[in-house]
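In what follows, a single structure is set out as structure tokens and then discussed.
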Amino acid sequence: MEMIRHTKIARDTAVKARTQAMVTLKALLVTVPDELREQLTGLSKMALLERCAGLRPGPLSSTVASAKRALRALARRWLDLDQEIKEHDMLLEQLTTQQAPELVNAFGIGADTAAEVLIVVGDNPERIRSQAAFAKLAGVAPIPASSGTTTRHRFNRGGHRQLNAALYRVVIVRMRFHQPTIDYVTRRTADGKTKQEIIRRLKRYLAREIFQAIKARPQPAVTT
């Protein structure tokens, strides 16, 4: 679990830095001299990065040269970080597959979400006693919010927020691309359920699925 944690920390910080590099590059592009901006406007993201990474500023004797130098540095930083993230992803896939292959192979989960789940499990082993306990830890245990003759539940605002966010991302992916989930959403919508209520139920079902996958993960061998 610590190996997964270390790798994910490195990956997450690299992702943030990559995003910041792109935001800064695009902001700088607005202020560069017109002749340079016209050459770079309208390019796709990767085409823009490749063009900027290949810029040749020459002697630093004009604003065009300084702009080229800054754009090249930002583009190369983004490309370097992108390669670093891919290496982290490969390692995370190896580590998470070793620990919980069923979890990694589940639709929409993948190595990054599996890593988040396994880190939380490693931090809270005493709280993973049952499906209900795991659901509560993930913040997806339904909370009664009935009134009069209306029976309903509301979102749980407690629990581990990073784990809850990971479950939400998986649910959104499944709602778009997973046919059984799409069918479920269609059926529940016809029953009069709101989108929030449907997502809450899907997160609860997903927590149950993840709990079963965690229970099935390989256990370390005991030596005597």
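Every number in this text was worked out from the coordinates using simple rules, so none of it is lab data. Quick caveat: nothing in here was measured; it's all calculated off a predicted structure. Cβ: placed from backbone, ideal geometry, glycine included. Neighbour counts: every protein chain shown.
Among V32, V15, V140, the order by Cβ neighbours within 10 angstrom, fewest to most, reads V15, V32, V140. With a cut-off of 19 Å on the backbone N, the residues of segment 15-40 near the modelled label site 7 Å out from S62 along Cα-Cβ are 29-40. Counting other Cβ atoms within 10 Å as a rough exposure proxy, the listed residues L81, L137 run L81, L137 from fewest neighbours to most.
Under a Cβ-only charge scheme (Lys and Arg +1, Asp and Glu -1), can you give me the dipole magnitude of the chain about the Cα centre, in debye to the nearest 20?
Numbers: 37 positive and 21 negative charges, 171 e Å.
The calculation lands at about 820 debye.
To the nearest 500 deg cm²/dmol, what mean residue ellipticity at 222 nm is calculated for the chain from DSSP H runs of n ≥ 4 alone, each contributing -39,500 (n - 2.57), summed and divided by the residues?
Numbers: 10 runs with 160 residues, N = 224.
So the calculated ellipticity at 222 nm is -23500 deg cm²/dmol.
Contact order for the chain, expressed relative to its length and based on alpha carbon pairs under 8 Å spaced 6+ residues apart, stands at 19 percent. Could you give log10 I(q)/I(0) at q = 0.14, 0.20, 0.22, 0.29 Å⁻¹ for segment 161-220, computed by the Debye formula over C-alpha point scatterers of equal weight, without solvent? One equal scatterer on each Cα of segment 161-220 leads to -0.43, -0.78, -0.89, -1.23.
By count of other Cβ within 10 Å, fewest leading, how are M46, M175, M3 ordered? Could you put the intermediate results ahead of the total?
Values: M46 10, M175 17, M3 13.
Least to most surrounded, the residues fall as M46, M3, M175.
Residues of segment 156-193 falling in the label zone of E126, defined by backbone nitrogen less than 20 Å from a point 7 Å along Cα to beta-carbon, are 159-161.
Taken over the Cα atoms of segment 2-93, the convex hull encloses 89 Å³ per residue.
Measuring between alpha carbons in the structure, the pairs from K136/K195; K8/K193; K86/K136; K26/K193 lying more than 31 angstrom apart are K8/K193; K86/K136; K26/K193. Convex hull volume of the C-alpha atoms in the chain, normalised per residue: 181 Å³. Shown here are the Rg and Dmax of the Cα trace of segment 101-215, at 14.3, 46 Å.
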